[in-house]
Amino acid sequence: MSFVPGQPVTAVVQRIEIQKLRQGNNLILGFSIGGGIDQDPGQNPFSEDKTDKGIYVTRITPGGPADVAGLMMGDKIMQVNGWDMTMVTHDKARKRLTKKNEDVVRLLVTRKSLEEAVKQSMGGFPRP
Amino acid sequence: MEAEDEVLQVLEVCETVEEIKEVIITTIEEDSNTTNSPPVASCGLRTKPSQDDNWGETTTAVTGTSEHSLSQEDIVRITKDLEDSVGLDCRRYFTRTLAVILGLLVFLTPLAFLVLPHLLWPEKLQSCGTACEGLFISVAFKLLILLLAVWALFFRPARAGLPRVFVFRALLAVLVLLFVVSYWLFYGVRILDSQDENYQGIVQYAVSLVDALLFIHYLAIVLLELRQLQPCFSVCVTRSTDGETRHYNLGQLSIQRAALAIIEHYYCDFPVHNPALLSASKSRAAKHLAGLKVYNVDGEFPAAPAEGPGNNAAAGLAHSQSRAMIAAAARRRDTSHNELYYEEAEHERRVRKRKARLVVAVEEAFTHIKRMQEEEQKKAPGDVMDPREAAQAIFPSMARALQKYLRTTKQQHCHSMESIQQHLAFCITNNMTPKAFLESYLTPGPTLQYSRDHWLARQWTLISEASVTSGLKDGSIFLLKCVDFSLVVTSKKIPYIQMSEEYIDPKSHKFVLRLQSETSV
């Protein structure tokens, strides 16, 4: 999940689709985000690389739409509906997630266990 | 009141008798241990292990000798003191006369250079023009400045007698002598013999002499005064008896001058040496060794000076004996640390109790007198006292508490009753509070605060492996031995310090907030 400035970022991602839930006048997703390029990356408890300024999922409401869709705490959000989330401010991230005219958000998230799983599965097949 | 008067009387009696007795008592102890005189506490600096603490409250009896007799040891001691003082003074006067002779030679030389042509060949001499007479004024003022400078630098009261000659001064004296002699030689050969008529040249020659002398004086200032100002060595001075340590910074000095500087610092920084405080550790050490005796069961008697293989056997036997003692001492269950702990706690408590009583007594005593105001002076001419009488009036009420406190802290030999009363009168005169009066008794002060017989200023010996006129070096060690203690001095060079610079732009001080928001979506 660490990145080298100037180089393209490679990550194993999972596609998660969350249906927004209507509560009164608001559409909620049921999780909280932290991080952003205007925030202090050193205080992020979920990132491996403490200079990573990406958007991370910090809390999930149990039983909410995100929980139902399979989002987990500590996930790093790479894209929201095609928009990049690796280099955005905190406020921009919030806005992209809470657009009033969208009912569903399709996230690309990455976590450490995904990489592990891929490595394990690839390690089983010796390259020809 | 009566009991206190009695105490006062007893104190006075003992005080006056004590001075004369000190001399006699030591000789009795040294001569024979068979006399049955009770061990009297000596108020001098030689304390004996069994000290009677009640020196102020019991009268003492002197056996055998009368009050004004002297013994052989005293006569030897007195003549030795005389010799020492006369010896040193002889050397001091000798150097002083040498210096005066050299100074006179130096001052009279330019004047002689100027005057001799007028005396010896007045007709041939060219008359002195304006420039030449201007030079007369310059010679006069330069000589005056030289006179003042030499008086300021060299004619100060000597502060010490050092074991070896002061190398820089000797060198400078030789330099000045050579210089003046060479000028005289030149003058004698080129001017007196040939009877030069150019008087202006002669005057300029004299002016050049005075200039050169001023420069030599500048050299003297640099060598004698300025060179040692820049700190170069850090010396650590430890007193061998109780471990008091101080650190000083000294410049480049010879060992004897460094020793002098250290002794002068000793007199104002170190608390006074009190041998009574060391008796406890000595008795503990004696107890450690006293419990064991070595018996040789195998029957071999090691003869003292045996040669060859016999000596080795004797040495081996002595080694094994000491090893056996050490092993036995280690195995023995030693509870002396316990005793030390409780003894010290008890002593601490006792000292604090006596101190509390003393403070209260002194404060109460000070309330009995007050300074008389101007208006009252006309009203009551009767009971007016000067400071000494006032001190004598309030002293009895605090005498007992003070004496008990001094005895508990083992300081009673440092303060005589006379000195206490003098100090009290001094404090009363200067409007000092009781706390200020007590300060000199509660903490041991520097040595100069006490009476002259504690100073021992004439009994310092410098013990050094390197020559005492050689300079101080990194790691040089020497000892300054006084009568009962010595100061161990080690020196370390102050390291060369390399400093680098870092520039900070005042506009570069900028700060940001550490944000960490969490938004729920």
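The values are calculated or read from the model by the stated rules, or taken from the named source; none is laboratory data. Computed from a predicted model, the values in this text were never measured in an experiment. Here Cβ is always computed from backbone atoms with ideal geometry, including for glycine, and neighbour counts include all displayed protein chains. The accessibility values were calculated without ligands, DNA or RNA, using every heavy atom of the protein model including side chains. Shrake-Rupley method; radii C 1.70, N 1.55, O 1.52, S 1.80 Å.
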Item to complete: Scan region B:243-254 residue by residue and report those that are surrounded by fewer than 16 Cβ atoms within 10 Å (Cβ to Cβ) and closer than 12 Å to B:Phe270 by Cβ.
Response: B:Gly243, B:Thr245, B:Arg246
Discussion item. Looking at region B:334-341, can you tell me whether even one residue there is surrounded by 14 or more Cβ atoms within 10 Å (Cβ to Cβ), out of contact with any strand residue (DSSP E or B) (no Cβ under 6 Å at 6 or more places or on another chain), assigned to a helix (DSSP H, G or I) and not aromatic (Phe, Trp, Tyr)?
Written reply: no
Fill in: Qualifying positions in region A:43-66 - within 8 Å of chain B (Cβ to nearest Cβ) and over 20 Å from A:Arg96 (Cβ atoms)
A:Gln43
Worksheet entry | Looking only at region B:470-521, and only at residues there that are aromatic (Phe, Trp, Tyr), away from chain A (no Cβ under 14 Å) and open to solvent by 50 Å² or more (accessible area, probe 1.4 Å), the one that is nearest to B:Ile262 (Cα to Cα) | B:Tyr496
Fill in: Residue within region A:2-21 that is more than 15 Å from B:Gln516 (Cβ to Cβ) and open to solvent by less than 20 Å² (accessible area, probe 1.4 Å) present
yes
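Residue-by-condition table, conditions (1) among the charged types (D, E, K, R); (2) under 29 Å from the mean Cα position of the chain (by Cα); (3) under 30 Å from B:Phe233 (Cα atoms); (4) assigned to a loop (DSSP other than H, G, I, E, B):
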| residue | (1), (2), (3), (4) |
| --- | --- |
| B:Leu260 | no, yes, yes, no |
| B:Glu264 | yes, yes, yes, no |
| B:Tyr267 | no, yes, yes, no |
| B:Leu278 | no, yes, no, no |
| B:Ser281 | no, yes, no, no |
| B:Arg284 | yes, no, no, no |
| B:His288 | no, no, no, no |
| B:Lys293 | yes, no, no, yes |
| B:Asn296 | no, no, no, yes |
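Quick one: would you say B:Gln421 is within 27 Å of B:His273 (Cα to Cα) and either outside any loop (DSSP other than H, G, I, E, B) or open to solvent by less than 20 Å² (accessible area, probe 1.4 Å) (or both)? Before the answer, list the steps.
Details: within 27 Å of B:His273 (Cα to Cα): yes; either outside any loop (DSSP other than H, G, I, E, B) or open to solvent by less than 20 Å² (accessible area, probe 1.4 Å) (or both): yes.
Taking the combined requirement at face value, the residue satisfies it.
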Practice prompt. For residues that are within 11 Å of another protein chain (Cβ to nearest Cβ) and without any contact (Cβ under 8 Å) to a residue 40 or more places away in the chain, tally how many sit in region A:24-33.
Written response: 4
Worksheet item: What do you reckon, is B:Phe141 hydrophobic (A, V, I, L, M, F, W, C), assigned to a helix (DSSP H, G or I) and touching a residue at least 24 places away in the same chain (Cβ under 8 Å)?
Response: no
Worksheet item: Can you name the number of the only condition in (1) of a type outside the set (A, V, I, L, M); (2) under 23 Å from A:Val4 (Cα atoms); (3) touching a residue at least 24 places away in the same chain (Cβ under 8 Å); (4) away from chain B (no Cβ under 14 Å) that A:Gly70 fails?
Response: (2)
